[in-house]
Amino acid sequence: MVQWWLLLIAGIGALIVGFVIGFFVIRHVFQKQLEKNPPVNRDMIREMYRQMGRKPSERDITRVMEAMNKYK
């Protein structure tokens, strides 16, 4: 008959291995998502204004960044 402490150690080991593998899988998925959808930065906002036909001032860009950070 298998001793109970051996079963306990195997269970704890399996949990630790699962957590480690899960961490690396989730990290890889998160990095791929950031590559596909990078966070918005000041240069992107500047380009958006230019595409709309406006020349943005720093005040406009700062206002948009603050509004986006407020609703995150």
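Derivation of every value follows stated rules applied to the coordinates shown; laboratory data play no part. Not measured: the values here are computed from a predicted model. Positions of Cβ are backbone-derived with ideal geometry, glycine not excepted, and every protein chain shown enters the neighbour counts.
Multiplying the residue separation of ILE9 and TYR49 by 0.36 nm and removing their Cα-Cα distance gives an extension gain of 8.4 nm. On the basis of the beta-carbon distance and an R0 of 30 Å, MET68 and HIS28 show a calculated FRET efficiency of 0.65. For the chain, a/c is not less than 1.5, where a ≥ b ≥ c are the root eigenvalues of the C-alpha gyration tensor, and a/b tops b/c. That puts it in the prolate class.
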